[in-house]
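None of the figures in this text is laboratory data; all of them are computed from the coordinates on show. Keep in mind it's a predicted model, so treat the numbers as computed, not measured. Because the Cβ atoms are built from the backbone with ideal geometry, glycine has one as well, and the counts that use them run over all protein chains shown.
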Amino acid sequence: MTARGQITARVAAPVVTPVAPVVGRVVALVAALSLAVAACVGKLPDTHYYQLTAPESKAGSGDNLLVLDTLTTDAAYDDDRIVYRTTPFRLDYYQYQRWSSTPGLMVGNYLEQALETSGKFRAVMRELTPDAPVVLAGRVVALEEVDRSKTLWVGRIVLELILTDATTGEALWTRHFDETEPLRRQTPEGLAAALSIAMSRIAAQTVPAVAEIAERQTRLRGDHHPTADAGPRATR
């Protein structure tokens, strides 16, 4: 065989590596990495849910009807995750500490219970009805924990409310609330308790104002809408 033939023979005879041992080593490496990752991650924390607590005592029933519309919420807070701040410029979320519902629903439910138990309304409804003279609506601008220092945390709620005539849509009453309450315990439960206190102050100002206007609008409706008991009209 010539030298060229020897070179050609060497090039034409590649070395074949067994496949099965290589695949086995790859599988073993992947399994080992998976176990290592699982050991580092561990079990995820449990998710806990919190809500605002409205007064439970109920006074006598009034004569007025009220429609309470669903409250809207600013986009940054329209989430069941609890919001907290450590600076005025940054907003963060607790991943495993959450509200029982989104802030608009939760604050609306608080107001509904506070209005119902005030003794000033015959009923508080969530859908428009011909008998109700006014509609209460609004917007949750902020609902958050503000960490002002290592020892001072406060709950903050910013709420805009508007009362309108159920027929014409005319604005009869508007109010902007910005309430804060220190946390007695620096926990999510302490935040829920602090915000419940702040909401009680908002309700204490809202309920009598809304009741007074609802009563006035009911009287105006009565003056302009004679009842059926007035008897038939005289015919010519």
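Brief remarks follow.
- FRET E, pair residue 93, residue 69, Förster distance 35 Å, beta-carbon r, rounded to 0.05: 0.85
- Additional length obtainable on full extension of the chain from residue 171 to residue 100, 0.36 nm per residue less Cα span: 22.4 nm
- Phi angles across segment 120-129 convert, under the Karplus curve 6.51 cos²θ - 1.76 cosθ + 1.60 with θ = phi - 60°, into 3J(HN,Hα) values of 9, 10, 6, 7, 10, 10, 9, 10, 5, 9 Hz, Gly and Pro given as x.
- Viscosity 1.306 mPa s, 10 °C: Kirkwood-radius Stokes-Einstein D of segment 48-224 over Cα pairs, µm²/s: 94
- Amide H within-cut-off set for residue 125, under 5 Å, with H built and near neighbours excluded: 66, 67, 68
- Between residue 73 and 140, the built amide H atoms are under 5 Å apart, and every one of these is 5 or more places off in sequence or on another chain.
- Unit charges at the beta carbon, dipole of segment 48-224: most positive-side option, 109, 88, 172: 88
- Sorting the segments 118-131, 184-197 by their residues' average number of neighbouring beta-carbon atoms within 10 angstrom, most packed first, yields 184-197, 118-131.
- Computed E for residue 79/residue 178 - FRET, C-beta separation, R0 22 angstrom, nearest 0.05: 0.60
- Whole-Hz ³J(HN,Hα) from phi, Karplus 6.51 cos²θ - 1.76 cosθ + 1.60, for segment 160-175, glycine and proline x: 10, 10, 9, 10, 10, 5, 5, 8, 9, x, 5, 6, 9, 6, 9, 8
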